[in-house]
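Structure, as structure tokens:
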Amino acid sequence: MKIAFFSTKPYDKEFFEKHNQTHELTFYEVALSDTSVRLAEGFDSICVFVNDKVNASIIEKLAKLGIKLIALRCAGFNNVDLEAAKNANLTVVRVPAYSPHAVAEHAVALIMTLNRKTHKAYNRVREGNFSLEKLSGFDLYQKTVGVIGTGKIGEAFARIMQGFGCKVIAYDVFPNQSLIDFGVKYVSLDEVLQQSNIISLHCPLTDKTLHLINEASIAQMKTGVMLINTSRGALVDTQAVIEGLKSKKIGYLGLDVYEQESNIFFNDLSEEILVDDTLVRLMTFPNVLITSHQGFLTEEALTQIAVITLNNITSFAQGQKSGNEV
Ligand code: NAD
């Protein structure tokens with residue numbers, strides 16, 4: 001099949017070219033949008049990522065251009081209007097799991113860095129400052145860690161935190177029996193919010209989870225709580241979190257995702273003026289650590305993303321189901 005890739009980065013090109021044998025791949029750096037959609041002309045399929053806009057009007061244009069398949073090279077599909085795709089007779093496939101460990105381990109990296117301040121220590125030592133002032137952290141051992149969403153990534157995360165000797169509690173609409181067997185206790189969402197020293201979000205973004213972390217849920221949390229979001233930015237009401245940081249209710253914030261991340265994350269804007277004042281405010285807090293959606297960025301995950309996406313496309317081309325349709 002002829003596939004147009006949007007939002008391509010050098011690592012996408014490298015891994016897809018390495019694992020492709022049958023398809024004709026064209027890589028565009030530009031994100032899919034109302035203006036760039038015309039680049040899909042002459043292709044059978046498009047391949048998109050987390051911040052490509054795949055709304056009803058773009059889907060309509062894609063269908064008119066003869067696109068038959070939208071292949072997401074990610075797990076989340078909140079950026080696709082599935083109803084519009086169905087109406088336009090477009091198949092949507094995704095990569096439900098590539099390496100849950102990649103994202104889970106990144107969440108742990110955020111926790112470890114925020115807690116033990118290795119990012120600050122690194123800069124201090126490089127400048128000849130060997131002082132330990134203000135670098136103290138806390139033992140993870142025996143702290144309560146609350147996991148919201150215990151699917152593939154949440155499970156991997158919970159297992160790592162159990163390994164630290166933490167007490168892991170969880171909330172999910174569908175509890176995971178293997179975690180119960182492993183000693184994780186399922187409780188209500190309120191109890192996760194009230195009892196946890198660290199809260200990590202691993203549920204998808206849906207109508208029900210939009211702004212799951214808001215003024216009311218923050219009010220329930222322990223003072224000094226650490227909040228980690230490696231899932232989707234809009235799970236968190238950013239303004240409410242800023243107020244929580246200002247009042248010191250939230251003691252630490254680690255974000256790999258941000259509600260308004262599209263057009264910012266994945267790009268080098270170091271010589272630009274940042275116009276998103278909310279993000280800039282977040283960046284000013286000494287106890288906030290932001291990474292730009294890099295949870296998936298491991299060798300293993302990139303390999304799986306390329307292999308599974310290409311298999312999804314091959315199955316579609318052969319008129320078969322891959323099992324990864326959404
Ligand atoms: P998954 O489908 O395996 O697990 C999601 C879990 O959330 C399920 O157990 C589900 O029952 C639960 N859930 C759904 N609605 C819920 C609700 N209202 N409250 C509590 N739990 C709820 O998904 P996964 O592979 O573990 O991925 C989780 C999320 O991580 C994805 O949706 C995606 O947004 C995000 N993600 C981020 C990155 C990154 O690079 N940062 C990479 C991949 C995935």
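A few points about this structure:
- Heavy-atom accessible surface of the chain: percent carbon and sulfur, 1.4 Å: 51 percent
- Extension gain, residue 260 to residue 281: 0.36 nm times the residue separation minus the Cα-Cα distance gives 6.2 nm.
- In segment 1-93, Rg over Rh equals 0.93, where Rg is the alpha-carbon radius of gyration and Rh the Kirkwood radius from pairwise Cα distances.
- The residues of segment 1-104 present an accessible area of 45 Å² per residue when probed at 1.4 Å with all protein chains retained.
- Accessible surface calculations at 1.4 Å, restricted to protein heavy atoms, place segment 161-313 at 47 Å² per residue.
- Close amide H contacts of residue 92 (hydrogens built in the peptide plane, cut-off under 5 Å, sequence separation of 5 or more or a different chain): 70, 326.
- Per-residue HN-Hα couplings for segment 268-278 [Karplus 6.51, -1.76, 1.60; θ = phi - 60°; Hz; x = Gly/Pro]: 8, 10, 5, 9, 9, 8, 6, 9, 7, 5, 5
- Among the listed pairs 61/321; 2/208; 53/143; 9/222, a Cα-Cα separation exceeding 30 Å is found for 2/208; 53/143; 9/222.
- From phi via Karplus (6.51, -1.76, 1.60), per-residue ³J(HN,Hα) for segment 155-162 in Hz, x at Gly/Pro: 5, 4, 5, 4, 5, 5, 5, 4
- Paramagnetic reach from residue 24 in segment 31-45 [backbone N under 18 Å; point 7 Å along Cα→Cβ]: 38-45
- Under 5 Å, built H, 5+ apart or other chain: amide partners of residue 225: 251
- Cα point-scatterer Debye curve for segment 34-172, base-10 log of I(q)/I(0) at q = 0.09, 0.17 Å⁻¹: -0.49, -0.90
- Cα-based radius of gyration of the chain once divided by 2.2 N^0.38 Å, which approximates compact folds: 1.05
- Along its principal axes, segment 212-315 has C-alpha extents of 52, 35, 19 angstrom, given from the largest down.
- Centre separation in Å (Cα based) which lies between segment 98-131 and segment 22-40: 36 Å
- Backbone HN-Hα couplings from phi across segment 83-89 [Karplus 6.51/-1.76/1.60, Hz, Gly and Pro as x]: 4, 5, 5, 4, 4, 8, 6
- Stokes-Einstein diffusion coefficient of segment 154-221, Kirkwood radius over Cα pairs, 10 °C, 1.306 mPa s, in µm²/s: 125 µm²/s
- Across all Cα atoms of segment 152-280, the radius of gyration (one decimal) and Dmax (whole number) stand at 15.7, 51 Å.
- Electrostatic tally near residue 40: other residues with Cβ closer than 15 Å to its Cβ, Lys and Arg +1, Asp and Glu -1, net -1.
The values are calculated or read from the model by the stated rules, or taken from the named source; none is laboratory data. The model shown is predicted, which means the values in this text are computed figures rather than measured ones. Note that each Cβ is placed from the backbone with ideal geometry, even for glycine, and that neighbours are counted across all protein chains shown. Remember, those area values only see protein heavy atoms, side chains included, never the ligands or the DNA or RNA. Shrake-Rupley method; radii C 1.70, N 1.55, O 1.52, S 1.80 Å.
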